[in-house]
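Asker: Can you keep this structure in mind? I'll have questions shortly.
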Amino acid sequence: MDLSTQITYFISAVIPLYFIAFILYFVRILRGPTIPDIVIAIDALGYDLAVFLAVLAILFKSPLLIPCPIVLALWIYALDIYVAKYLEAREIGA
Amino acid sequence: MYVEAILVFLGEALIAIGVFFDIIASIGMLRLPDFYSRIHALTVGTIGGAVVPLIGVALLALGAPFLGVYRLYLAGAAIITAILLLMLAPTGTHVIARAAYRSGAAKPLYISIDELATKSEGRGGEKR
């Protein structure tokens with residue numbers, strides 16, 4: 001079988017599993033009792049979305065999607081830092 | 001022909017491992033009882049579920065036959081994201097865990113001896 005068709009079949013089989021992971025993370029975001037719970041669920045969801053974008057870049061055979069995960073990972077990290085600063089010192093340094 | 005096939009199969013294997021870790025991490029995020037044990041699920045989902053498949057995507061892009069020049073760009077960006085995640089995820093997790101503990105937002109429930117509360121760490125460790 002040709003390589004590119006095999007790649008397309010493989011990735012289109014993997015995508016529903018990613019959706020299951022997204023839904024489960026989203027349940028934790030809705031249910032999270034404390035604020036840090038919600039933050040780490042958003043972390044996991046964000047990093048997972050970054051990987052999903054990279055996998056989609058392979059599926060759509062175009063590099064258009066690939067700069068977005070870099071920025072997304074940095075933003076999710078910034079979210080961590082700001083929430084932590086707010087929780088500890090009640091100020092974000094603005 | 002063999003090099004591409006090897007790279008593609010290796011990339012697909014890493015992506016499959018990454019998806020497996022992701023499912024495990026999302027289940028762990030729901031099932032684990034306490035905030036501090038959920039951090040374990042987060043780091044499993046981040047390192048195993050994000051860095052590993054990103055390296056898999058990079059290998060897959062290098063070996064994939066489609067549009068020649070851009071696959072190198074795709075592989076490079078995927079590896080950069082993987083390296084960034086290796087640096088960002090642990091520090092972000094540590095920062096949020098420390099803030100949760102110090103501010104008392106997430107109280108450690110399943111704990112018998114709380115060493116950190118006894119000794120005054122850093123700025124006196126706010127009492128919960």
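Asker: For chain B, what is the mean residue ellipticity at 222 nm derived from helices alone (per DSSP H run of n ≥ 4: -39500 (n - 2.57); sum divided by total residues; nearest 500 deg cm²/dmol)?
Answerer: Computed ellipticity for chain B at 222 nm equals -24000 deg cm²/dmol.
Asker: Given labels modelled 7 Å from the Cα in the Cβ direction, how far is it in nm from B:Ser37 to A:Ile29?
Answerer: Label-label distance for B:Ser37 and A:Ile29, simple model: 2.5 nm.
Asker: So, with +1 on the Cβ of K and R and -1 on the Cβ of D and E, and no other charges, what is the size of the charge dipole of chain A about its Cα centre, to the nearest 20 debye?
Answerer: Roughly 120 debye, rounded to the nearest 20.
Asker: What distance in nm lies between label points placed 7 Å from Cα along the C-beta direction at B:Tyr73 and B:Ile17?
Answerer: Computed distance between label sites B:Tyr73 and B:Ile17 equals 3.0 nm.
Asker: Return one quarter of the surface area of the convex hull spanned by the alpha-carbon atoms of chain A, equal to its mean projected area, in nm².
Answerer: 7.2 nm²
Asker: Also, quick follow-up: Please state the relative contact order of chain B as a whole percent: Cα pairs under 8 Å, 6+ residues apart?
Answerer: 26 percent
Asker: Output the 0 to 90 degree angle, nearest 10, between the alpha-carbon long axis of helix A:3-31 and the longest principal axis computed from the alpha carbons of chain A.
Answerer: For helix A:3-31, the angle is close to 20 degrees.
Asker: Output the direction-averaged projected area (hull surface divided by four) of the convex hull of the alpha-carbon atoms of segment B:2-122, in nm².
Answerer: 9.3 nm²
Asker: In the protein assembly as shown, if every C-alpha pair distance is counted and binned at 5 Å from zero, what percent goes to each bin?
Answerer: Per 5 Å bin, starting at 0, the Cα pair percentages come out as 1, 7, 15, 18, 17, 13, 10, 7, 5, 4, 2, 1, 0.
Asker: Just checking the output field for A:28-34: average partner chain Cβ neighbours within 10 Å of each residue's Cβ?
Answerer: 3
Asker: Taking the Cα centre of the protein assembly as shown as origin and charging only Cβ (+1 Lys, Arg; -1 Asp, Glu), how large is the dipole, in debye to the nearest 20?
Answerer: Rounded to the nearest 20 debye, it is 540 debye.
Asker: At a 1.4 Å probe, what is the % contribution of carbon and sulfur to the accessible area of segment B:1-126?
Answerer: Here it works out to 74 percent.
Asker: Ignoring ligands, DNA and RNA, how much accessible area is buried between chains B and A, both sides summed, with a 1.4 Å probe, to the nearest 100 Å²?
Answerer: 4400 Å²
Asker: Determine which residues of segment B:45-67 fall in the zone a paramagnetic label at B:Val3 would reach in this model, i.e. backbone nitrogen under 19 Å from the point 7 Å along Cα→Cβ.
Answerer: B:56-67
Asker: A further question follows. Report, as an integer, the average count of C-beta atoms from other chains found within 10 Å of each Cβ along A:9-22.
Answerer: Shielding by partners across A:9-22 averages 4.
Asker: For A:Thr8 and B:Leu86, what is the calculated FRET efficiency with R₀ set at 22 Å and r taken between the beta-carbons, to the nearest 0.05?
Answerer: For A:Thr8 and B:Leu86, the calculated efficiency is 0.15.
Asker: Not counting ligands, DNA or RNA, and with a 1.4 Å probe, what is A:Glu91's accessible surface area in Å² rounded to the nearest 10?
Answerer: 80 Å²
Asker: Give me the angle, in degrees from 0 to 90, between the Cα long axis of helix B:52-63 and the longest principal axis of the Cα atoms of chain B, rounded to the nearest 10.
Answerer: 10 degrees
The values are calculated or read from the model by the stated rules, or taken from the named source; none is laboratory data. Small disclaimer: the values here were computed from a predicted structure and weren't measured. Neighbour counts run over all protein chains shown; Cβ positions are idealised from the backbone, glycine included. Only protein heavy atoms, including side chains, enter the accessible area calculation; ligands, DNA and RNA are left aside. Shrake-Rupley method; radii C 1.70, N 1.55, O 1.52, S 1.80 Å.
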